[in-house]
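The structure appears below as C-alpha cells.
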Amino acid sequence: MAFKISAGNLVTNHYLIVESDGVKFAETSIGGARWFRFSQIDCILMSADSRLSFQVGNEVFSIPTDPANAKHQEVIAALVHQVKQANGHEDEST
C-alpha cells in the first residue's frame, strides 16, 4: 500500500509517496521524480511550519504538510517507521 502527500497545483507537480520499498519524491522546480530506498535517508525533520524534510546525502527534499490532515499524518508515520526499520531501529513509541 502506498501513502501520498500532494502539494502541487496546476503549474507545479509536488508529491511524496511512501511505498513498501522506498520513497518517491517529485517537485518540478528541481526536476523529475526521484526514488530513494529507506536506508538512503539520513535524517527526517518536521519544521515549525509543518514542512516535512528528509535528507539523502547532501540533498534535502521538502514538502508542506497539514497537521490536521489524517492522510498526511499517516504518510509521515509510515515514512518514520520505514526509515527506522531500514536503519535497524525498532519503532519506539513515546
What longest range of the chain stays clear of loop-exposed GluC sites (Glu not before Pro) (DSSP non-H/G/I/E/B, at most 15 other C-beta within 10 angstrom)? 20-89
Please report, to one decimal in angstroms, the Kirkwood hydrodynamic radius of region 3-86 built from all distinct Cα-Cα pairs. 12.8 Å
Measuring from the longest principal axis of the C-alpha atoms of the chain, the long axis of helix 70-86 (C-alpha) lies at a number of degrees, nearest 10, equal to 50 degrees
The chain - percent relative contact order, Cα under 8 Å, separation 6 or more: 22 percent
Dipole magnitude of region 37-83 about its Cα centre, charges +1 at Lys/Arg Cβ and -1 at Asp/Glu Cβ only, in debye to the nearest 20? 100 debye
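Read-outs: derived from the displayed coordinates by stated rules, not from any lab. Because the structure is predicted, anything quoted here is derived from the model rather than measured. Here the Cβ is made from the backbone with ideal geometry for all residues, glycine too, and neighbour counts use every protein chain on show.
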